[in-house]
Amino acid sequence: MWRASVITIFPETFPGPLGASLAGKARQNGIWDLQAVDLRDHATDRHRSVDDTPAGGGPGMVLRADVLARAIDAVAPDADDRPRLLTSPRGRPLTQARVAALAAGPGVVVVCGRFEGVDERVIAARNLEEVSIGDYVLSGGELAAMVLIDACVRLLPGVMGKEASGAEESFSDGLLEYPHYTRPQVFEGQDIPAVLVSGDHGRVAAWRRAEAERLTRERRPDLWAAFLAAGGAHVSGAMPKKTTDG
Ligand code: ADE
């Protein structure tokens, strides 16, 4: 079973959305499990403090190294080979490739960052991998932990049907998804593109590929550049001439 342990000062926020839908069903089916651990249970003073003022001064509070180390050691002793992650806006950006690697392993231990930060010494001493879910700042790491775990869980064998693996391939080949349509045939005067109702599977595939390339080029120049650098194959006519030779 794939196991996620989350260390947080807000354990009551879990499972949250991870208890619903695909992830919730998969957990009920024993495909994965979630343990939310209250960091305060590992404090030693009677106020159950987990943070203190930053050395050197400045605003905010810093999570204490000793309290967090105790929590990590209780949740994931040395023999536990799960990667230990720390959600943080200064972490490496989470990618689908990293998610796939995590999903293929035994699970994750996620420390939810809080306050101004976490004492640097425990990050080193417990080998915490800092991960960011995007270039914006959340008020805490709990939502980031849920995002990370959700992205992993949907990849576990038996969680999603066949349709998902197709979508996965289309993202992991480095392009955004093509546009989708369904009934009615006309919506507020807009038709479904004729090619999609032509019954010509070859033309449908070519149109979708061209649209995926167009959307990626327009919205995500970073992904588009990586796609080109990786030698992405194009549907003929999908790419405007001006970008074909740099
Ligand atoms: N905590 C606060 N902001 C975050 C972010 N963008 N990613 C991960 N953890 C965070």
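The values are calculated or read from the model by the stated rules, or taken from the named source; none is laboratory data. What you see is a predicted model, and the numbers here were worked out from it, not measured in a lab. Glycine also receives a Cβ, built like all others from the backbone with ideal geometry; neighbour counts cover every protein chain displayed. Note: accessible area is taken over every heavy atom of the protein model, side chains too, but ligands, DNA and RNA are not part of it. Shrake-Rupley method; radii C 1.70, N 1.55, O 1.52, S 1.80 Å.
When we screen ASP33, ASP41 for residues that are modelled with pLDDT of 95 or more, within 30 Å of GLU120 (Cα to Cα) and in contact with a Lys or Arg (Cβ under 7 Å, 6 or more places away or on another chain), the only hit is ASP33.
Sort out which residues of the stretch 114-140 are closer than 9 Å to PRO89 by Cα and either within 8 Å of the ligand (Cβ to nearest atom) or surrounded by 17 or more Cβ atoms within 10 Å (Cβ to Cβ) (or both), and write them in order of number. Across the stretch 114-140, the qualifying residues are VAL131, SER132, ILE133, GLY134, ASP135, TYR136, VAL137, LEU138. Looking across the stretch 74-98, the residues that are within 16 Å of the ligand (Cβ to nearest atom), buried (at least 18 other Cβ atoms within 10 Å of the Cβ) and either at pLDDT below 95 or over 14 Å from the mean Cα position of the chain (by Cα) (or both) come down to PRO83, ARG84. State whether one or more residues within the stretch 53-60 are under 24 Å from the mean Cα position of the chain (by Cα) and within 16 Å of the ligand (Cβ to nearest atom). Within the stretch 53-60 (the criterion being under 24 Å from the mean Cα position of the chain (by Cα) and within 16 Å of the ligand (Cβ to nearest atom)), the answer is no, since none of the residues qualifies. Just one of the listed residues (ALA101, ALA144) is assigned by TED's automatic domain parsing to the domain that holds PRO17 and crowded, with 22+ Cβ neighbours inside 10 Å, and it is ALA144.
Listed by first and then second residue, the pairs with beta-carbon distance under 6 Å, at least 6 apart or on different chains, first residue in the stretch 30-49 and open to solvent by less than 60 Å² (accessible area, probe 1.4 Å), second assigned to a loop (DSSP other than H, G, I, E, B) and not aliphatic (A, V, I, L, M), are ILE31/GLY158; LEU34/PRO15; ALA36/PHE14; ALA43/SER49.
Could you tell me whether ALA79 is within 23 Å of LEU156 (Cβ to Cβ) and touching a residue at least 60 places away in the same chain (Cβ under 8 Å)? Break it down stepwise before answering.
Numbers: within 23 Å of LEU156 (Cβ to Cβ): yes; touching a residue at least 60 places away in the same chain (Cβ under 8 Å): no.
So ALA79 does not fit the description; no.
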